[in-house]
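Asks: What follows is a structure written as structure tokens; I'll ask about it next.
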Amino acid sequence: MTKLVWMTDLHLVERGSDLPAGVDPLTGLRDAIEEIERFHSDAVRLVISGDLVQLHNPGAYHILREELASLSIPVRLLAGNHDDSEALVDIFPEAAQGGFVQGSEDIEVARLVYADTKASDGSHHGELCDVRIEWLAEQVDLAGGRPLLLFLHHPPFAIGVPALDRLRLRNSDGLARLLKNRRTPTHLFCGHLHRNVSGTWQGHPVQVLKSTHVQFALDMTGEKLTRSSEPPAYAVIEIRDGDIITNYRDISSKGKRTLPTVS
């Protein structure tokens, strides 16, 4: 059995900055890191799938580097719509490949791919340009008959929540073509939505994970984003004999945490 740990949407801010949604994002991250190091130090990777900092807070990457220093697990980072790619790579140069915040690697039982879906114009929706699609095609081909775990920030599918669906990966046709005819175990792991979601897309299982900060409500009619009082979370992924299983773990905060009012 091979174990990975997965977090997303940290939304860290620089010291002294306003707290997004009135909640200190560092609290959920620290609680998660403490629990991960205590119970999951046997994991081979921690993957954090984007929105590492809050928009316009590039100095928070220094804070993230400091917080991750206590972990014994290797960490892989993705960029989200809130991230400043240049500032991210300045602090985490190992996160860059081919001009994007992306990468891939083989572990004993699978191929892991970390894709950059940040829009080139800074919009909150996601995109995959031709260069990134070509790179992804190479990564899928290199996976061969091994299980493929693909981590993205923006989901390439709608979930039925209008306010979130308009922010998904818009030009997903290229990715769909890459995955449609793949028969080997393939699993997509996405952030961005601040909700737990699961299903299938192009015949493959997909999962979306809650944030370590605050969550968005399951509003399937409204056009505006509303927050919920659901707790932060991380996930543990196990790969066993070709099977890929994800357990979600809500975080019980040890610090003071004022939850936003449900809209």
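Asks: Convex hull volume of the Cα atoms in region 2-250, per residue, in Å³? Numbers along the way, then the final one.
Replies: Details: hull volume 28.8 nm³, N = 249.
It comes to 116 Å³ per residue, whole-number rounded.
Asks: Give the percent of DSSP beta bridges with both residues in region 2-250 that are antiparallel, rounded to the nearest 5.
Replies: Details: 27 of 49 bridges.
Of all bridge pairs located within region 2-250, approximately 55 percent are antiparallel.
Asks: Still on this structure, I have one more. Where a Cα-Cα gap under 18 Å defines reach, which aspartates and glutamates qualify for Lys224, not counting those fewer than 8 residues away within the same chain?
Replies: Asp165
Asks: Same structure again: Enumerate the amide H contacts of Val53 below 5 Å, restricted to partners 5 or more residues apart or on another chain; note that Pro and chain-start residues carry no placed amide H.
Replies: Those lying under 5 Å, H to H, from Val53 are His11, Leu12.
Asks: 5 Å is the cut-off here: which amide hydrogens, built 1.01 Å from N in the peptide plane, fall below it relative to Glu230, excluding neighbours closer than 5 in sequence?
Replies: For Glu230, the qualifying residues are Gln215.
Asks: Also, I was wondering about something else. Rounded, prolate or oblate: which fits region 199-255, taking a ≥ b ≥ c as square roots of the Cα gyration tensor eigenvalues, rounded meaning a/c under 1.5, else prolate when a/b beats b/c? Before the final figure, lay out the partial values.
Replies: Values: a/c = 4.42, a/b = 1.30, b/c = 3.39.
Since a/c reaches 1.5 but b/c is at least a/b, the shape of region 199-255 is classed as oblate.
Asks: Then there is this: Can you give me the long-range amide H partners of Ser104? Hydrogens built in the peptide plane at 1.01 Å from N, cutoff under 5 Å, separation of 5 or more residues or another chain.
Replies: Result for Ser104 returns Tyr114.
Here, each number is a calculation from the coordinates, and none is a lab measurement. Everything numeric in this text was worked out from a predicted model, so none of it was measured.
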